[in-house]
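Colleague: Before we start, here is the structure in question, set down as structure tokens.
The values are calculated or read from the model by the stated rules, or taken from the named source; none is laboratory data. This is a predicted model, so every value here is computed, not measured. Cβ coordinates were reconstructed from backbone atoms using ideal geometry, including for glycine residues, and neighbour counts include every protein chain displayed.
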Amino acid sequence: RTISVPLNNWTHLSVPENGTVLGRIGADPGAVLWPFGKGQVVLFGGLPGAINEADILDLWASKDKQVRQKASPVWANAERELGQLTGQITRDLAEWAGVPSQFSLNDDLLACIKENGPDKVVYMYNEGPAQVPVFRMDLPKGRYTIVAETLEGSTKLGKVSSEQLSAPGIRLPRLDPKRFMMLRIQD
């Protein structure tokens, strides 16, 4: 689903034997894929993101106060962009490799899951605008206790059936921009 990936500090890539060009920068290969061992390798010819850390450090090191003041917003935008790109690329690679998704959540949230026996914890961070996320997950038939936790407190979402959790899913509490939420799912 990812159509393009901005790269900085890019370099020309050669395409290995049996390799495939996935994307180009001008006429040069910018991303390549090739078989290796039991799998395949994807290589990008640069660092994802429109700006790199060295450029931002140069802004902070400037003797000009107005230039230094630009560093924080530029850094924040670079972090957001890299987080979104990494999430998109990881999602696309998992789909491409046939790895089934463990859960479904709004695309613009950064999220991962940790399992501890039958208990699951989903960590999510909102890089975008405030929203009320919808969470879906396929679990064995049963009822599950779900609690949403933020740094401000916790909200008991109650006992939810596996059918409801799978479809239509459950609405979570509002998640503001730049905020973290943890979702505990227990038998």
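Colleague: Among the residues of segment 14-59, what is the count of those that are farther than 23 Å from Ala94 by Cα and of a type in the set (A, V, I, L, M, F, W, C)?
Modeller: The qualifying residues number 8.
Colleague: Then there is this: If a residue counts only when it is without any contact (Cβ under 8 Å) to a residue 24 or more places away in the chain and farther than 30 Å from Glu79 by Cβ, which strands (runs of 3 or more DSSP E) contained entirely in segment 111-169 have at least 2 such residues? Give the derivation first.
Modeller: Values: elements: 119-126, 143-149, 154-161.
Those strands (runs of 3 or more DSSP E) span 154-161.
Colleague: Run Val74 past the list (1) closer than 25 Å to Ala167 by Cα; (2) of a type in the set (A, V, I, L, M); (3) touching a helix residue (DSSP H, G or I) at 6+ places or on another chain (Cβ under 7 Å) and report the number of the one that doesn't hold.
Modeller: Condition not satisfied by Val74: (1).
Colleague: Of all residues in segment 123-145 being of a type in the set (S, T, N, Q) and either surrounded by fewer than 16 Cβ atoms within 10 Å (Cβ to Cβ) or modelled with pLDDT of 95 or more (or both), which is nearest to the chain's Cα centre (by Cα)?
Modeller: Within segment 123-145, the subset of a type in the set (S, T, N, Q) is 126, 131, 145.
Adding the requirement that they be either surrounded by fewer than 16 Cβ atoms within 10 Å (Cβ to Cβ) or modelled with pLDDT of 95 or more (or both) leaves 131, 145.
Working: Gln131: 17, Thr145: 26 Å.
Of everything passing the filter in segment 123-145, Gln131 is nearest to the chain's Cα centre (by Cα).
Colleague: Here is a follow-up. Among the residues of segment 155-187, which ones are exposed (fewer than 13 other Cβ atoms within 10 Å of the Cβ) and among the polar types (S, T, N, Q)?
Modeller: Ser161 - this is the single residue of segment 155-187 that is exposed (fewer than 13 other Cβ atoms within 10 Å of the Cβ) and among the polar types (S, T, N, Q).
Colleague: Can you tell which of Lys120, Lys114 is closer than 23 Å to Ser166 by Cβ, surrounded by 16 or more Cβ atoms within 10 Å (Cβ to Cβ), at pLDDT 90 or above and among the charged types (D, E, K, R)? Talk me through it step by step, then tell me what you get.
Modeller: Working: Lys114 fails: surrounded by 16 or more Cβ atoms within 10 Å (Cβ to Cβ).
After ruling out the rest, the residue left standing is Lys120.
Colleague: Could I ask something else about it? Take segment 99-110 and flag every residue that is outside any strand (DSSP E or B) and either closer than 12 Å to Met182 by Cβ or over 12 Å from the mean Cα position of the chain (by Cα) (or both). Explain how you work it out, then say what you get.
Modeller: Residues of segment 99-110 outside any strand (DSSP E or B): 99-103, 105-108.
Across segment 99-110, the qualifying residues are Val99, Pro100, Ser101, Gln102, Phe103.
Colleague: Within segment 23-33, track down each residue that is touching a residue at least 12 places away in the same chain (Cβ under 8 Å) and over 24 Å from the mean Cα position of the chain (by Cα). Spell out how you get there, then give the answer.
Modeller: Taking segment 23-33 as the starting set, the residues that turn out to be touching a residue at least 12 places away in the same chain (Cβ under 8 Å) are 23, 25, 28-33.
The answer is Asp28, Pro29.
Colleague: Give the number of residues within segment 37-60 that are assigned to a loop (DSSP other than H, G, I, E, B) and of a type in the set (A, V, I, L, M, F, W, C). Write out each step before concluding.
Modeller: Residues of segment 37-60 that are assigned to a loop (DSSP other than H, G, I, E, B), as a first pass: 37-38, 45-46, 49-52.
After this cut, where a residue has to be of a type in the set (A, V, I, L, M, F, W, C) as well, the list is 50-51.
Qualifying residue count for the region: 2.
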